[in-house]
1. Counting pairs of Cα atoms in the chain, how many percent are more than 33 Å apart?
2. Expressed as a rounded percentage, what relative contact order does the chain have, with Cα pairs under 8 Å and six or more residues apart?
3. Report, by chain and number, residues whose modeled amide H sits under 5 Å from the one on Arg101, excluding near sequence neighbours (fewer than 5 apart, same chain).
4. Could you run the Karplus curve 6.51 cos²θ - 1.76 cosθ + 1.60 with θ = phi - 60° over region 274-280 and give me ³J(HN,Hα) per residue in whole Hz, x for Gly and Pro?
5. Going highest first, how would you order 308-316, 1-9 by mean Cβ packing within 10 Å?
6. Any idea how far the Cα center of region 180-212 sits from the one of region 17-78, in Å?
7. Given the peptides 36-43, 175-182, 12-19, arrange them by the average over their residues of other C-beta atoms within 10 Å, most packed first.
8. Along the charge dipole of region 126-318, pointing to its positive end and built from +1/-1 on Cβ of Lys, Arg, Asp and Glu, which listed residue (Ala170, Pro234, Ile315) has its Cα farthest out?
Amino acid sequence: MSVTRFFHPVLRASELQRRPVQVRLDGERYVLWRDASGEAAALVDRCPHRAAPLSAGHVRADGRLACGYHGWSFDRRGQGGSPTQPSLTRCDAAAMQVVERYGALWLAAADVPAERMPSLERPGFEAAGVFVEHFMCPLHVALDNFSEDEHTPWVHTRLGWTQADVGSVAYAASNYDDRTEVRYRAVQRPSALSRFFGVRPGDHFHNAWVTRFDPVRSEYLIHWTDPSGEVMRPAQLFAPIFMVPQEAGSTLFVVFVLAKLDNPWLWRMRHLVGRGAMMMIQREIRDDAVFIRNVADTPFSMEGMRLGKFDKPLIHNHRLLEKLYWGESFAERAARGASRLPVDRTRAEAGSTEA
Ligand code: FES
Ligand SMILES: [Fe+2]
C-alpha cells in the first residue's frame, strides 16, 4: 500500500515560488509548482517522454510545467503535449493532489478524499509557524526518538529536566488501536527561554503527546505548572510533529507550532512569544537530529534489546507503523527493497540486469 493514501506535509508553502521544486516521499520523487493562478500543483517527477525530472524544467507564462529536455508541457491534471509533435497522444504525466494549509503544502494521491487532511486546529491555540528539519535516519528510528522522553536530560538542554531529577519523573503511557498516548512530568531545568513563557524556577514541565499514523506524527502538548501541579502557567504549546519518510535513510520533520497564551501581557507580545516558541522547539528538535546520526542504523526489530518502562510506547508504535501506515510488515517492505538505501537499490537492480 502506498503511503500517498495519506496527506503528508512535504514543503513549507513559502518555499514554492516561481520555480518547480522536487520533494521526496517514501522513495518516490514528485515535482511541485504554482500554476498561472498561483495555486500549487504536483506530478510524479518523471517526464513520460524519456523520464527526465520535470523539476529540472520551468514554469511557462501560461502556468504549464515544461520539461527541460524536449519541452513537453503539462497542466495541473498532468495532461501533456509535445511541442515538436503535437499529434502525439498519451503524453500525460501522473498527477497528484496538493493542498496548501497551515503554511505547508500537503501531498496525496489524486483520489484521496479531502476529509483525510489532518486537522491541526485546537481551541484557543494560534499558529506561530512551521519549520522543517532533516533527520538522516529511517522513519522507525525517528519515531522511536519521539516515542520517549527518557533521553531528555542527555540529548536536550532547554526543555525538560536535568540528570539530577531523573528519579522524580512522573510517567504514564497508554496504547490504543489507532494511537499511543504518553505523559511526562518533571522539574523544568533552569532555562532563559522557559522564563520567557512565564515559567518560574522550580516549576514543573509537562509533556503529553499522542502519536498517530495517518500519517505518522507525534502531537506534543507542553505546559508548565507550579510544583503542586495546581497552578497553570500562562503559556501552552502545541506542536504536531510530522515524520515524513523521504528515502530509506532520511526522514523530513515538518513541525507546526501553536501557542495558547492565557495572560494579557503575554497575549500582547504574542508575535514575539510565538517566535520564541518556534526557536525553542526548533533547537530542541535539532538536538535530536544531531544525535540521531549515531543510531541511524538501529534495526527495526527490538529483539535482544534490554527495554525499560519508558520504551513501552516504542513497541506499540512499531506495530501501528506496520499495520496502519505501511499496511505491511517491515519484513515485507524489506523483501521488496523499500527499506534499502537508494545506492543499495541501484546495485541490486544492476545485479538483476546482469543475471
Ligand atoms: S524527457 Fe521530457 S520532454 Fe523529453
Ligand atoms: Fe528529543
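A short reminder: the numbers here are calculations on the coordinates, not readings from a lab. Keep in mind it's a predicted model, so treat the numbers as computed, not measured. Cβ coordinates were reconstructed from backbone atoms using ideal geometry, including for glycine residues, and neighbour counts include every protein chain displayed.
1. On the way: 22348 of 62835 pairs.
Considering the chain, 36 percent of its Cα-Cα pairs are separated by more than 33 Å.
2. Working: 734 pairs, mean separation 62.6, N = 355.
Once divided by the residue count of the chain, the mean separation gives 18 percent.
3. Result for Arg101 returns Trp106.
4. So the J values, rounded to whole Hz, are x, 5, x, 5, 4, 5, 5.
5. Top to bottom by mean Cβ count within 10 Å: 1-9, 308-316.
6. 43 Å
7. Sorting 36-43, 175-182, 12-19 by mean packing, highest first, produces 36-43, 175-182, 12-19.
8. Pro234
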